[in-house]
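Before I ask anything, let me first share the structure, which is written out below as structure tokens.
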Amino acid sequence: MACKFKRTAAIVSQECLLPGIFSMWLEAGEIAKEAVPGQFISMYTKDKSKLLPRPISLCEIDKEKGFLRVVYRVTGKDTGTEQFSRMVKGDTIEIMGPLGNGFPLDAGKGRKAFLIGGGIGVPPMLELAKQLDGEKQLIMGYRDKQFLTEEFEQNGAFYLATEDGSAGTKGNVLDAIRENSLTADIIYACGPSPMLRAIKRYAEEKQIVCYVSMEEHMACGIGACLACVCKSKEVDGHSHVHNKRVCKDGPVFLSTEVEI
Amino acid sequence: MDTRVTIAGVELKNPVMTASGTFGSGQEYGEFVDLNQLGAVVTKGVANVPWEGNPTPRIAEVHGGMMNAIGLQNPGIDVFCKRDIPYLKQFDTKIIVNVCGHSPEEYLEVVERLSDEPIDMMEINISCPNVNAGFLAFGQDAGNVEKLTAQIKKIAGRPIIMKLTPNVTDITEIARAAEAGGADALSLINTLTGMQIDVERRTFSVANKTGGVSGPAVKPIAVRMVYQVANAVKVPVIGMGGIATAEDALEFILAGATAVAVGTANFYNPRATIEVAEGIKDYMRRHKVEKLTELIGIVNAHA
Ligand SMILES: Cc1cc2nc3c(=O)[nH]c(=O)nc-3n(C[C@H](O)[C@H](O)[C@H](O)COP(=O)(O)OP(=O)(O)OC[C@H]3O[C@@H](n4cnc5c(N)ncnc54)[C@H](O)[C@@H]3O)c2cc1C
Ligand SMILES: Cc1cc2nc3c(=O)[nH]c(=O)nc-3n(C[C@H](O)[C@H](O)[C@H](O)COP(=O)(O)O)c2cc1C
Ligand code: FES
């Protein structure tokens, strides 16, 4: 059984990448040692009025140091993520992880892969790009301003799409794939639902194996409360209906397996 | 020091249980909690057949708590008996199975199945809507509560706990009805019906529109109701609603609860149950309390 831990983590560094987008390194010990790309951690606020965890994907994993990197968006005023963004080196935060299944690395081994990220779905693609052993085409879509692009450039063939056309292909990630005539035998994707829905359709048309990372509101983060389900084709292991748990059975699913 | 409490002849090693629906059947929490250290594990509501539950989003955060509309998703009694009971039997703790249904027949079918199983008690969740009564919850009508309790008691073959909904005008009336129907114990409170609107999206925070509010925010209401019910009936009361610390649990015990359950707190502190149990022992040491039972309901004596 995979090991999970709830612990206090010290913040190693925090940096603002863009207005509203922050990058935080955490000293997470055993959580980092167990983690694989595509997994996430639950981050808890210190504010007793905000009790539920904020699930945030792992952007980088440094097993040697026991460090984890998360890159996250502040969603608004007085939110939990805003509180995280004000934390500085040396502050501590409660976290639990590593949670979820992660991206299957074996499935992509030696193959030609698309790693697709959109918006705040971009961060988990970085650790995947570092660990995946195959031909990597990294296709990242942003509304306007970009983040993590230099890191992506160092870990594969990098393609960029922006909605406003300020950099790379004007349009979305699929426009970038078409404009550059890219092909692949496997897709890994994380991003907003409309993007995942379009990629699912694309993968089905082209008959490419496609893994998507899903999002849902969470309470326990470990598969007990049944808050975070998504509609699945297969019967789920818990209730034997068609409700897979994003926190435990996911967040990564075969695109053919889930309704997006 | 003696932390044991007895409910309907079932002796618990300590008064701390899990609140139904917040702990699954214990498997997921096994990595964080030694189940042997709990007074009892109360499992997620189980029905006669699998229930799909509600659409998502099923939960939302509220100030100091949460709101849920999971919709009682569960695998049905067959899978539950084959998988969850044998899992829990490995531990030295009491097993209390929470039962849900849409009609008396559905409840009775589950209770009958459970009557042969190696479990210690059943907890009947009467906050479910009754399809035969315009979807009013069973627990909102004293007459229905008494009748359902009596029907269940007849076939259960083991102690039954009726779990009361707080969404009523006078909870003591419902408590008395359950006692009159033959309930061996009462547990309360279930969640308080609430609503939250996401003003940015201009829609309800949970897809079901309404949800049950739980967590620290509801604790004063829960303590008040436990106090009222404990003073209205003779059967033991299990208190819950916002318990996160030993002090919270002790409030309920001093107000009249024989045992307590920890719910929402498990979500942000998976070891909450153990910390509550340990904290109660510390309190007993500090206040030189020999037997936990000495504390039950004594707030009255100090009034
Ligand atoms: C598996 C997974 C991985 C994620 N990875 C990242 C990431 O790497 N970077 C990033 O910026 N965001 C990520 N998210 C989204 C992130 O969890 C939410 O943006 C965040 O929880 C919002 O919290 P808040 O304090 O800003 O908002 P608040 O409004 O204070 O949140 C209120 C409640 O709603 C929940 N909530 C609100 N939006 C979401 C959402 N989109 N998904 C799940 N719960 C939500 C919060 O967790 C909290 O319980 C991920 C979500 C999931 C499910
Ligand atoms: C996510 C969730 C699921 C629940 N499921 C059930 C259930 O299946 N049956 C039941 O009787 N009560 C259920 N409850 C109610 C709890 O058992 C408890 O009565 C209530 O949440 C108050 O306690 P708390 O504030 O400690 O959570 C659920 C509560 C939550 C938050
Ligand atoms: S968050 Fe509780 S089951 Fe996924």
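The values are calculated or read from the model by the stated rules, or taken from the named source; none is laboratory data. Predicted, not measured: the structure shown is a model, and the values here were computed from it. Every residue, glycine as well, gets a Cβ built from its backbone with ideal geometry; the counts of neighbours run over all protein chains shown. What goes into the accessible areas is simple: the full protein's heavy atoms, side chains included, and nothing from ligands, DNA or RNA. Shrake-Rupley method; radii C 1.70, N 1.55, O 1.52, S 1.80 Å.
Of the residues A:G102, A:G110, A:G117, only one is part of a strand (DSSP E or B) and of a type in the set (G, A, S); which? Steps first, answer last, please.
Working: A:G102 fails: part of a strand (DSSP E or B); A:G110 fails: part of a strand (DSSP E or B).
After ruling out the rest, the residue left standing is A:G117.
Return the total of residues in segment B:239-279 being of a type in the set (F, W, Y) and either surrounded by fewer than 24 Cβ atoms within 10 Å (Cβ to Cβ) or more than 15 Å from B:Y227 (Cα to Cα) (or both). Quick ask: steps written out before the conclusion?
Step one: list which residues in segment B:239-279 are of a type in the set (F, W, Y), which gives B:252, B:267-268.
Now narrow it down to the ones that are either surrounded by fewer than 24 Cβ atoms within 10 Å (Cβ to Cβ) or more than 15 Å from B:Y227 (Cα to Cα) (or both): B:267-268.
So the count comes out to 2.
Within segment B:170-179, is there a residue that is within 12 Å of ligand 2 (Cβ to nearest atom) and touching a residue at least 40 places away in the same chain (Cβ under 8 Å)? Before the answer, list the steps.
Going through segment B:170-179, the residues within 12 Å of ligand 2 (Cβ to nearest atom) turn out to be none.
No, segment B:170-179 contains no residue that is within 12 Å of ligand 2 (Cβ to nearest atom) and touching a residue at least 40 places away in the same chain (Cβ under 8 Å).
Which is within 16 Å of ligand 3 (Cβ to nearest atom) and either modelled with pLDDT of 95 or more or under 15 Å from the mean Cα position of the chain (by Cα) (or both), of B:A230, B:A255, B:A272, B:A244? First the steps, then the outcome.
Details: B:A230 fails: within 16 Å of ligand 3 (Cβ to nearest atom); B:A255 fails: within 16 Å of ligand 3 (Cβ to nearest atom); B:A244 fails: within 16 Å of ligand 3 (Cβ to nearest atom).
None of the others qualify; the one that does is B:A272.
Filter segment B:34-61 down to residues that are hydrophobic (A, V, I, L, M, F, W, C) and either surrounded by fewer than 20 Cβ atoms within 10 Å (Cβ to Cβ) or within 11 Å of another protein chain (Cβ to nearest Cβ) (or both), then give me how many there are.
Of segment B:34-61, the ones hydrophobic (A, V, I, L, M, F, W, C) are B:35, B:38, B:40-42, B:46-47, B:49, B:51, B:59-60.
From what is left, the residues that are either surrounded by fewer than 20 Cβ atoms within 10 Å (Cβ to Cβ) or within 11 Å of another protein chain (Cβ to nearest Cβ) (or both) are B:46-47, B:49, B:51, B:59-60.
Qualifying residue count for the region: 6.
Does segment B:62-73 hold any residues that are surrounded by fewer than 21 Cβ atoms within 10 Å (Cβ to Cβ) and either over 17 Å from A:V229 (Cβ atoms) or facing chain A (nearest Cβ under 7 Å) (or both), and which are they?
Kept after step one, since they are surrounded by fewer than 21 Cβ atoms within 10 Å (Cβ to Cβ), are these residues of segment B:62-73: B:63-64, B:71.
Listed by number, the residues that qualify are B:H63, B:G64.
Another one. Could you name every one of the strands (runs of 3 or more DSSP E) located completely within segment B:161-228 that has at least 3 residues being crowded, with 24+ Cβ neighbours inside 10 Å?
On the way: elements: B:185-188, B:192-195, B:210-214.
Hits in segment B:161-228: B:185-188, B:210-214.
Further, regarding this structure: Name the helices (runs of 4 or more DSSP H) wholly inside segment A:147-260 in which the number of residues that are open to solvent by 70 Å² or more (accessible area, probe 1.4 Å) and away from chain B (no Cβ under 14 Å) is 3 or more. If you could, list the steps in order and put the result at the bottom.
Working: elements: A:149-153, A:173-179, A:193-206.
The qualifying helices (runs of 4 or more DSSP H) are A:193-206.
So which residues in segment A:177-231 are polar (S, T, N, Q) and away from ligand 1 (no atom under 16 Å from the Cβ)? Spell out the reasoning first.
Taking segment A:177-231 as the starting set, the residues that turn out to be polar (S, T, N, Q) are A:180-181, A:183, A:193, A:207, A:213.
Correct list: A:N180, A:S181, A:T183, A:Q207.
Give A:D62, A:D78, A:D47 a once-over and let me know the one that is surrounded by fewer than 23 Cβ atoms within 10 Å (Cβ to Cβ) and touching a Leu at 6+ places or on another chain (Cβ under 8 Å). Quick ask: steps written out before the conclusion?
Numbers: A:D78 fails: touching a Leu at 6+ places or on another chain (Cβ under 8 Å); A:D47 fails: touching a Leu at 6+ places or on another chain (Cβ under 8 Å).
Unique residue meeting the criteria: A:D62.
Out of all the residues in segment A:223-245, which are more than 6 Å from ligand 3 (Cβ to nearest atom) and in contact (Cβ under 8 Å) with a residue 24 or more places away in the chain?
Passing the criteria: A:C230, A:K231, A:S232, A:K233.
Criterion first (touching a Pro at 6+ places or on another chain (Cβ under 8 Å) and either modelled with pLDDT under 95 or hydrophobic (A, V, I, L, M, F, W, C) (or both)) does A:L99 satisfy it? Before you say what the answer is, go through the steps one by one.
Values: touching a Pro at 6+ places or on another chain (Cβ under 8 Å): yes; either modelled with pLDDT under 95 or hydrophobic (A, V, I, L, M, F, W, C) (or both): yes.
For A:L99, the condition - touching a Pro at 6+ places or on another chain (Cβ under 8 Å) and either modelled with pLDDT under 95 or hydrophobic (A, V, I, L, M, F, W, C) (or both) - is met.
Within segment B:79-91, is there a residue that is touching a His at 6+ places or on another chain (Cβ under 9 Å) and in a strand (DSSP E or B)?
To start, the set of residues in segment B:79-91 that are touching a His at 6+ places or on another chain (Cβ under 9 Å) comprises B:79.
Now narrow it down to the ones that are in a strand (DSSP E or B): none.
Looking for residues that are touching a His at 6+ places or on another chain (Cβ under 9 Å) and in a strand (DSSP E or B), one finds none in segment B:79-91, hence no.
Could you tell me whether any residue of segment A:23-45 is within 12 Å of chain B (Cβ to nearest Cβ) and in a loop (DSSP other than H, G, I, E, B)?
Within segment A:23-45, one or more residues are within 12 Å of chain B (Cβ to nearest Cβ) and in a loop (DSSP other than H, G, I, E, B).
I've got another one for you. Kindly evaluate B:P86 against the criterion of being away from ligand 1 (no atom under 16 Å from the Cβ) and modelled with pLDDT of 95 or more. Give the steps one after another, and end with the answer.
On the way: away from ligand 1 (no atom under 16 Å from the Cβ): yes; modelled with pLDDT of 95 or more: yes.
Yes, satisfied.
Which one is nearest to the other protein chains (Cβ to nearest Cβ), of the residues in segment B:237-285 that are among the hydroxyl-bearing types (S, T, Y) and assigned to a helix (DSSP H, G or I)?
Narrowing segment B:237-285 to residues among the hydroxyl-bearing types (S, T, Y): B:245, B:258, B:264, B:268, B:273, B:283.
Next cut, assigned to a helix (DSSP H, G or I) only: B:268, B:273, B:283.
Working: B:Y268: 5, B:T273: 13, B:Y283: 21 Å.
It comes out as B:Y268.
Follow-up. Which pairs do you get when a residue that is over 13 Å from B:D170 (Cα atoms), found in segment B:208-230, comes within reach of a residue that is among the charged types (D, E, K, R), reach meaning Cβ atoms under 6 angstrom, with the pair 6+ apart or on two chains?
Within 6 Å, the pairs are B:V223/B:E251.
On to the next question. Would you check which residues across segment B:86-101 are in contact (Cβ under 8 Å) with a residue 12 or more places away in the chain and over 18 Å from the mean Cα position of the chain (by Cα) and list them? Working first, answer last.
Within segment B:86-101, the first condition is being in contact (Cβ under 8 Å) with a residue 12 or more places away in the chain, and the residues that meet it are B:87-89, B:91-101.
Hits for segment B:86-101 are B:Y87, B:K89, B:F91, B:D92.
Could you list, in sequence order, the residues of segment A:120-146 that are modelled with pLDDT of 95 or more, in contact with a helix residue (DSSP H, G or I) (Cβ under 6 Å, 6 or more places away or on another chain) and not in a strand (DSSP E or B)?
Once the filter is applied, which keeps residues that are modelled with pLDDT of 95 or more, in contact with a helix residue (DSSP H, G or I) (Cβ under 6 Å, 6 or more places away or on another chain) and not in a strand (DSSP E or B), segment A:120-146 yields A:L126, A:L132.
Going by the structure shown, is B:G143 farther than 30 Å from A:K50 by Cα and either among the β-branched types (V, I, T) or in contact with a Cys (Cβ under 7 Å, 6 or more places away or on another chain) (or both)? Break it down stepwise before answering.
Numbers: farther than 30 Å from A:K50 by Cα: yes; either among the β-branched types (V, I, T) or in contact with a Cys (Cβ under 7 Å, 6 or more places away or on another chain) (or both): no.
Judged against the criteria, B:G143 is not a match.
For (1) in contact with a Leu (Cβ under 7 Å, 6 or more places away or on another chain); (2) polar (S, T, N, Q), each residue gets a yes or a no:
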site: B:I160; (1), (2): no, no
site: B:N167; (1), (2): yes, yes
site: B:A175; (1), (2): yes, no
site: B:E179; (1), (2): no, no
site: B:S205; (1), (2): no, yes
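Of all residues in segment B:180-202 being away from chain A (no Cβ under 14 Å) and free of Cβ contacts under 8 Å to residues at least 12 places away in the same chain, which is farthest from ligand 2 (Cβ to nearest atom)?
The first filter runs over segment B:180-202 and keeps only residues away from chain A (no Cβ under 14 Å), leaving B:180-190, B:192-195, B:197, B:202.
Checking which are free of Cβ contacts under 8 Å to residues at least 12 places away in the same chain leaves us with B:197, B:202.
Working: B:I197: 20, B:R202: 25 Å.
The extreme case among them is B:R202.
Can I ask one more? Does A:I56 count as part of a strand (DSSP E or B), open to solvent by 10 Å² or more (accessible area, probe 1.4 Å) and β-branched (V, I, T)?
Numbers: part of a strand (DSSP E or B): yes; open to solvent by 10 Å² or more (accessible area, probe 1.4 Å): yes; β-branched (V, I, T): yes.
Spelling it out, A:I56 is indeed part of a strand (DSSP E or B), open to solvent by 10 Å² or more (accessible area, probe 1.4 Å) and β-branched (V, I, T).
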